[in-house]
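Q: Attaching a single structure in structure tokens format; questions to follow.
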Amino acid sequence: MENSDERNESLPFSPNPNNADDNEIDEQEDEEEEEEDDGHDDVVSHEPYNRNDRSSLSSLREQRLKLEALSRRLASELVPIRVHDVLIRGNTKTKDWVIEAELKLLQDAATVQELIRASETALARLRSLEIFESTELTLQAGPPELPHTANVIVDVVETANKVSGEFGVYTKPSTSSWTAEGGLKYKNLLGYGDLWDASLAYGGNQATEVSVGVFAPRLKGLLTPLVARLSMLSQDWQEFSSYKEQLLGLSLGLISTRHHDLVYTLGWRTLTDPSQMSSRSIRRQLGHGLLSSLKYTFKIDRRNSPIRPTSGYAFLSTTHFGGLTPDHRSLRFLRQEFDVRCAIPLPFYNTALNLGISAGAIFPWGHDFMNKPSPLPERFYLGGDFSPVCTLGGPITLWGFKTRGLGPTEPRRRIRNEIIDDNDDSTKRDFIGGDVAVTAFADLSFDLPIRWLRNHGIHGHLFAGAGNTAKLTQNEYRRFSPRRFLESFRTSVGCGFVVPTKLFRLEGNFYHVLKQDEYDRGKTGFRFSFSAPS
């Protein structure tokens, strides 16, 4: 009995958890006193019942005292314990090892306090698999011969509806466009916690993407989830750069953790010019290309909100290495990007100052690489009205400039024997992107004086941005001057209001372009835009 009592006191629960309120116990005691005041016959006839009831009440009091003593002990000291066994119930299709993989942290718990925290984390991980309607975790005392041990019982109910659909509007900084996406998911087809999905996305600049993919959170022998996706992307850049891009490819996630992400991509890319009016640099890269690349992303985001950050910081580093096949059509390049964000709270009107800087560079590699051009779609193109406050993705956004609205340009090819006017496409120029790019911004957000707006998170902001991009390849680095690069920074300022939602950030802003070059597409005026966190 001493071992048993000691073992029960080491757990925040009882082997027989028959709970009762103090009021219920007092009511039962009052009923006993009334029955004792009745006649002798009644006492005799109910004597067995009273004995059993008193025994039950005594047991309840004893357990309550033990729980109170244990609560005081848990609050004052660490109670040692270890998990003896894990029992899983209710999974008819899901493999046991899929659930066990999410419960491994329970085995590392050395105290009752650690076990309770690990149980909460394990339940959150099981729910995030999206294949269970409900999950429950129960802790029970271990075998009597093993004191200070506990058994974990996990009860799950698998979802009855295997098919689900979703629709959303997102921003893609890499393409400087928004997309409306719809998709279907089928859950747990193979019993590995796998999610199969098919999606269709349509966005600005006539971007269309059709893809199918699979996500398996745990597979035996793999330390990270399996993520694979087959996609076909079509992007129309004729308005800005006189070419269309089509990419058929397969991406495979190799590492996916909280801060690290490694993806391999194998694709067949085709660049075409239906207008046949593209500039010389564009024409040289038309045709087919093989994309075989690894992309590594390291990300830390300690900001208190991705939509309206008022404190914290974020850092993003992306390394993209292409040319992993010996084929001569393989695109060989090395692309590096950095993002730094910082939110500084100020002590009035919930004001915060957000600062950020982004930089990136791309180079081809191989024999005589400085004389070769970098791949056209992988270059840096600045512009677009996406908010850099919530967007992490390299040097892309610059307030007040249209998509692909600044940077190196070349004149388009002119049509012979035809009259050229100012509105003809042949007088326009192609934005050919840069090999190095830098952007920076400052954003001061504050609450508005109207209570209804504050209650709904609608706030105002003042902002300023600057950025520039330049070519370095094809021997252009010889004419590159850091001083001229800084002096030619494009700048803009503005003010506006922000309507934050759970999915995106809607802004109504007035932009004023302070500095731009002759062929840039910056414009002063009022425009609406929306951005989603990346």
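The values are calculated or read from the model by the stated rules, or taken from the named source; none is laboratory data. Because the structure is a prediction, the values reported are computed rather than measured. Positions of Cβ are backbone-derived with ideal geometry, glycine not excepted, and every protein chain shown enters the neighbour counts. Calculation scope for accessible area: heavy atoms of the full protein, side chains included, ligands and nucleic acids excluded. Shrake-Rupley method; radii C 1.70, N 1.55, O 1.52, S 1.80 Å.
Q: If each of Ser164 and Ala198 carries a label point 7 Å out from its Cα toward its Cβ, how far apart are those two points in nm?
A: Distance between label points: 1.9 nm.
Q: Tell me, what is the 1.4 Å probe accessible area of Ile300, in Å² to the nearest 10?
A: 40
Q: When the Kirkwood radius is taken over all Cα pairs of region 67-156, what Stokes-Einstein diffusion coefficient follows at 37 °C and 0.692 mPa s, in µm²/s?
A: 237
Q: Return the percentage of antiparallel bridges among DSSP beta bridges fully within region 250-348, rounded to the nearest 5 %.
A: If we restrict to bridges inside region 250-348, about 95 percent are antiparallel.
Q: Tell me, what is the FRET efficiency for Arg258 and Gln474 to the nearest 0.05, using R0 = 35 angstrom and their Cβ-Cβ distance as r? Intermediate values should be presented prior to the final figure.
A: Working: r = 40 Å, r/R0 = 1.15.
Taking R0 as 35 Å, the efficiency between Arg258 and Gln474 is 0.30.
Q: How much length, in nm to one decimal, is gained on full extension between Trp365 and Thr351, taken as 0.36 nm per residue of separation minus their Cα-Cα distance?
A: 0.4 nm
Q: What number, in percent, do you get for the relative contact order of region 67-156 if the mean sequence gap of Cα pairs under 8 Å and at least 6 apart is divided by its residue count?
A: Numbers: 115 pairs, mean separation 34.0, N = 90.
Reported as a whole number, the value is 38 percent.
Q: Using the Cα centre as the reference, give the magnitude of the dipole from point charges on the C-beta atoms of region 484-534 (Lys, Arg: +1; Asp, Glu: -1; all else neutral), rounded to the nearest 20 debye.
A: Numbers: 8 positive and 5 negative charges, 37 e Å.
The dipole of region 484-534 has a size of about 180 debye.
Q: Run the quick spin-label model on Val212 and His456: label points 7 Å from Cα toward the beta carbon, then report their separation in nm to one decimal.
A: Label-label distance for Val212 and His456, simple model: 4.3 nm.
Q: Any chance you could run the full-extension gain for Leu324 through Phe526? It's 0.36 nm times the residue separation minus the Cα-Cα distance, nm to one decimal.
A: Extra length from Leu324 to Phe526 when fully extended: 68.1 nm.
Q: Further question: Quick one: net charge of Pro500's neighbours, Cβ under 15 Å, K/R +1, D/E -1?
A: +2
Q: Further, regarding this structure: Assuming a ≥ b ≥ c are the square roots of the Cα gyration tensor eigenvalues, decide whether region 196-291 counts as rounded (a/c under 1.5), prolate (otherwise, with a/b larger than b/c) or oblate.
A: Prolate is the answer for region 196-291, as a/c is 1.5 or above and a/b outweighs b/c.
Q: Further, regarding this structure: Expressed in nm to one decimal, what extension gain is obtained for the pair Cys495 and Leu146 from 0.36 nm per residue of sequence separation less their Cα-Cα distance?
A: Details: separation 349, 0.36 × 349 = 125.64 nm, distance 6.78 nm.
Value of the extension gain: 118.9 nm.
Q: Take peptides 133-143, 382-392 and line them up by average Cβ neighbours within 10 Å, highest first, as a rough protection proxy. It would help to have the intermediate numbers written out before the result.
A: Values: 133-143: 16.0, 382-392: 25.0.
In descending order of packing, they fall as 382-392, 133-143.
Q: Continuing with this model, one more query. Compute, for region 67-156, the length of the dipole vector about the Cα centre, with Cβ point charges of +1 (Lys, Arg) and -1 (Asp, Glu) only. Units Debye, rounded to 20. Intermediate results must be reported in sequence, preceding the final value.
A: On the way: 10 positive and 14 negative charges, 15 e Å.
With only Lys, Arg, Asp and Glu charged at Cβ, the dipole is about 80 debye.
Q: Around Ser311, which amide H atoms from residues at least 5 apart in sequence, or from another chain, sit under 5 Å from its own amide H, with H modelled in the peptide plane?
A: Sorted by chain and number, the residues that satisfy this are Asn304, Ser305.
Q: Provide the FRET efficiency to the nearest 0.05 for the Glu68-Glu133 pair, computing r from the beta carbons and using R0 = 35 Å.
A: Calculated transfer efficiency: 0.50.
Q: Give the carbon-plus-sulfur fraction of the accessible surface of region 67-156 in %, rounded to a whole number; probe 1.4 Å, heavy atoms of protein chains only. Before the final figure, lay out each step's value.
A: Values: 2340 of 4750 Å².
With neighbouring chains kept in place, the figure for region 67-156 is 49 percent.
Q: With respect to the cross-link table entries Lys95/Lys187; Lys187/Lys295; Lys402/Lys502; Lys402/Lys428; Lys104/Lys187; Lys93/Lys162, which display a Cα-Cα separation exceeding 18 Å? Please report the intermediate quantities before stating the final value.
A: Values: Lys95/Lys187 14 Å; Lys187/Lys295 28 Å; Lys402/Lys502 26 Å; Lys402/Lys428 15 Å; Lys104/Lys187 23 Å; Lys93/Lys162 12 Å.
Where the Cα-Cα span goes over 18 Å, the pairs concerned are Lys187/Lys295; Lys402/Lys502; Lys104/Lys187.
Q: To continue, here is another question. Each residue of region 326-333 in turn: what ³J(HN,Hα) in whole Hz from Karplus with 6.51, -1.76, 1.60 and θ = phi - 60°, glycine and Pro shown as x?
A: Once θ is set to phi - 60°, the couplings for region 326-333 become x, 4, 5, 8, 5, 7, 9, 7 Hz.
Q: Largest first, what is the accessible-area ranking of Phe167, Phe526, Phe489, Phe333 with a 1.4 Å probe?
A: Reading off the accessible areas and sorting them downward yields Phe167, Phe526, Phe489, Phe333.
Q: Report the antiparallel proportion of the DSSP beta bridges in region 67-156 as a percent, rounded to a multiple of 5.
A: Numbers: 8 of 15 bridges.
Given both bridge residues lie in region 67-156, the antiparallel proportion sits at roughly 55 percent.
Q: Where does each of 227-234, 480-487 land if you order them by average Cβ count within 10 Å, highest first?
A: 227-234, 480-487
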